[in-house]
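Read through the structure below, which is laid out as structure tokens, and then see the notes.
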């Protein structure tokens, strides 16, 4: 990057590279000044790199990992590969039209090896019909302009292609019965949505489980969760919905906690066959 040139807009992967470099440095007991000396950079640049606001090459990631004596070679190689990849994703077309958090989710999903989601009030985004997505975005407060609604719908439909592309993503959805009974857009839209769920659930890469009302209470019951598997387990990501913008969790104890929570939900949910029967029953009632 030339002197005086503005750093590029932070991306989910650049932020994650920075997070992992900070983790390595702190685990090694080294300072930002130590890292700066290794790379021949100003200390302030190390801060920007660790914040995801300044790019770093894969070679420099390897140099820092060596200095920090990080022994997990697969992990280091994966972080270096993330740093080296400067590909501009399709989601960048929507920058300025949809919130930055949605672009980050799009990026995390795109580079994931597998996804597991739990949803309470909404059918999972990657399984929504266009009409369902549009109806949901019309309920956003403060209200969105039509242009922004359509941009969000287009973004969601592009993301959904992960499930039906030639090399489809492994996807598991645990959906609460409440989400299946919500009629966003009216009963006709809801019925078509449930039919789409049934169709997608037949795909070999998709596992759909229903949590019935009678399942009772369980860990994490009130929280929508997306668990994205990275190239190595240390690079997994948990995304939680929150007011204003999505939250991304990357610490190992957080990842382990949500693996446990999703496991508990999976145990309480119906198996895939019984889940399809439950969805069919609700569909026929509309």
Note on segment 55-105: residues over 25 Å from residue 26 (Cα atoms), free of Cβ contacts under 8 Å to residues at least 12 places away in the same chain and in a helix (DSSP H, G or I) are 92, 93
Within segment 250-271, the count of residues that are surrounded by fewer than 16 Cβ atoms within 10 Å (Cβ to Cβ), in a helix (DSSP H, G or I) and in contact (Cβ under 8 Å) with a residue 12 or more places away in the chain comes to 5
Per the list (1) in the same structural domain as residue 167 (by TED's automatic domain parsing); (2) crowded, with 18+ Cβ neighbours inside 10 Å; (3) more than 23 Å from residue 147 (Cα to Cα), residue check on residue 121 breaks on (2)
If you go through 70, 93, the only one that is over 11 Å from residue 13 (Cβ atoms) and touching a helix residue (DSSP H, G or I) at 6+ places or on another chain (Cβ under 6 Å) is 70
All conditions in (1) crowded, with 17+ Cβ neighbours inside 10 Å; (2) modelled with pLDDT under 95 are true of residue 142 except (1)
For segment 11-32, the count of residues that are farther than 18 Å from residue 86 by Cβ and touching a residue at least 12 places away in the same chain (Cβ under 8 Å) equals 8
| field | Residue match in segment 209-223 (condition: in a helix (DSSP H, G or I), over 14 Å from residue 126 (Cα atoms) and out of contact with any helix residue (DSSP H, G or I) (no Cβ under 7 Å at 6 or more places or on another chain)) | value | yes
(1) surrounded by fewer than 15 Cβ atoms within 10 Å (Cβ to Cβ); (2) touching a helix residue (DSSP H, G or I) at 6+ places or on another chain (Cβ under 7 Å); (3) at pLDDT 95 or above all hold for residue 233 apart from (2)
Filter segment 185-205 for residues that are surrounded by 14 or more Cβ atoms within 10 Å (Cβ to Cβ) and without any contact (Cβ under 8 Å) to a residue 60 or more places away in the chain; the one that is farthest from residue 133 (Cα to Cα) is 205
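The values are calculated or read from the model by the stated rules, or taken from the named source; none is laboratory data. On a predicted model such as this, the values are computed, not experimentally measured, just so you know. Counting neighbours? That spans all protein chains shown, and the Cβs are built from the backbone with ideal geometry, glycine included.
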